[in-house]
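Take a look at the structure set out below.
The values are calculated or read from the model by the stated rules, or taken from the named source; none is laboratory data. Model, not experiment: these values are computed from the prediction. Glycine also receives a Cβ, built like all others from the backbone with ideal geometry; neighbour counts cover every protein chain displayed.
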Amino acid sequence: MKKLLAALSALACIMLLSDAASAAAPEKSLCNAGETPLFQCTIKGKQVSLCSSGAGKDDAGKLQYRFGTAQKIELSYPDTPQPANGKFFRSETGYSGGGEERIRFKNGDYDYFLFERTVRTGFGNGPNNPEFSAGVITRHGKSVTTRLCSQDGAMQPASSALPEEEFEYLDN
């Protein structure tokens with residue numbers, strides 16, 4: 001009995017250490033130390049990060065969008081982190097059994113929409129079966145392209161401090 005208790009105790013310790021190590025492992029992000037990712041995900045092996053510095057309860061802080069890898073950032077907007085006002089906007093809409101939240105910014109002739117959405121896929125008497133997706137929508141004129149994250153993207157609560165705008169339904 002003592003051997004069994006010792007083995008179970010050792011197993012519990014290993015599980016706790018394993019959980020602590022995985023919880024402490026940093027998520028992939030292009031944000032620097034001292035910055036908070038308001039949105040991040042991976043698209044075809046590259047990172048998408050919207051980084052905030054100095055965010056507070058009612059203030060999104062200074063923001064910068066980054067795309068690429070830790071070794072090579074391919075796109076940064078703006079060139080240096082800036083306050084959100086006039087540059088980054090938030091919108092949301094509800095769907096039956098879900099909804100969508102977006103953060104939009106404009107870089108030159110391109111509009112970028114970072115999004116996460118939940119869509120109901122089960123109808124009738126069965127379960128809702130929600131489908132989750134996240135990614136980046138780019139719009140150049142009438143051309144709209146959607147790139148989905150290979151893992152769930154995540155918007156952080158601080159994004160609610162961004163200036164709000166009306167949700168725009170895009171055809172793609």
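Given the conditions (1) free of Cβ contacts under 8 Å to residues at least 40 places away in the same chain; (2) more than 26 Å from GLY45 (Cα to Cα); (3) surrounded by 13 or more Cβ atoms within 10 Å (Cβ to Cβ), report the number of the one that TYR77 does not fulfil.
(2)
Considering the stretch 133-142 alone, what residues qualify as being surrounded by 11 or more Cβ atoms within 10 Å (Cβ to Cβ) and more than 15 Å from ARG102 (Cβ to Cβ)? Talk me through it step by step, then tell me what you get.
Quick first cut of the stretch 133-142, residues surrounded by 11 or more Cβ atoms within 10 Å (Cβ to Cβ) only: 133-140.
Once the filter is applied, which keeps residues that are surrounded by 11 or more Cβ atoms within 10 Å (Cβ to Cβ) and more than 15 Å from ARG102 (Cβ to Cβ), the stretch 133-142 yields only HIS140.
Which of (1) within 15 Å of GLU35 (Cβ to Cβ); (2) in contact with a Ser or Thr (Cβ under 8 Å, 6 or more places away or on another chain); (3) touching a residue at least 24 places away in the same chain (Cβ under 8 Å) is the odd one out, the single condition SER159 does not satisfy?
(2)
Within the stretch 30-63, which residues are in contact with a Lys or Arg (Cβ under 8 Å, 6 or more places away or on another chain), assigned to a loop (DSSP other than H, G, I, E, B) and modelled with pLDDT of 90 or more?
LEU30, CYS31, LYS44
State whether one or more residues within the stretch 119-130 are within 19 Å of the chain's Cα centre (by Cα), surrounded by 14 or more Cβ atoms within 10 Å (Cβ to Cβ), under 25 Å from SER29 (Cα atoms) and not polar (S, T, N, Q).
Pass one, the stretch 119-130, residues within 19 Å of the chain's Cα centre (by Cα): 119, 130.
Among the residues that remain, those that are also surrounded by 14 or more Cβ atoms within 10 Å (Cβ to Cβ) are: 119, 130.
Narrowing the set further to residues that are under 25 Å from SER29 (Cα atoms) leaves none.
Among the residues of the stretch 119-130, not one is within 19 Å of the chain's Cα centre (by Cα), surrounded by 14 or more Cβ atoms within 10 Å (Cβ to Cβ), under 25 Å from SER29 (Cα atoms) and not polar (S, T, N, Q), which makes the answer no.
Being more than 15 Å from GLU92 (Cα to Cα) and of a type in the set (A, V, I, L, M) is the filter here; which residues of the stretch 104-135 pass it?
Selection gives nothing.
Where in the stretch 75-132 are the strands (runs of 3 or more DSSP E), entirely inside, with at least 3 residues that are at negative phi and touching a Gly at 6+ places or on another chain (Cβ under 9 Å)?
Details: elements: 88-95, 98-107, 110-120.
Result: 110-120.
Just name the residue that is surrounded by the most Cβ atoms within 10 Å (Cβ to Cβ) out of those in the stretch 143-167 that are at pLDDT 90 or above and part of a loop (DSSP other than H, G, I, E, B).
CYS149
Please indicate, with yes or no, whether at least one residue in the stretch 3-13 is at pLDDT 60 or above, more than 18 Å from LEU148 (Cβ to Cβ) and of a type in the set (D, E, K, R). Walk me through it before giving the result.
Let us first name the residues in the stretch 3-13 that are at pLDDT 60 or above, namely none.
No, there is no match, as no residue in the stretch 3-13 is at pLDDT 60 or above, more than 18 Å from LEU148 (Cβ to Cβ) and of a type in the set (D, E, K, R).
Would you say ARG104 is touching a helix residue (DSSP H, G or I) at 6+ places or on another chain (Cβ under 8 Å) and surrounded by 14 or more Cβ atoms within 10 Å (Cβ to Cβ)?
no
Taking SER96, is it closer than 30 Å to GLY122 by Cα and crowded, with 16+ Cβ neighbours inside 10 Å? Reasoning before the result, please.
Details: closer than 30 Å to GLY122 by Cα: yes; crowded, with 16+ Cβ neighbours inside 10 Å: no.
The answer is no for SER96.
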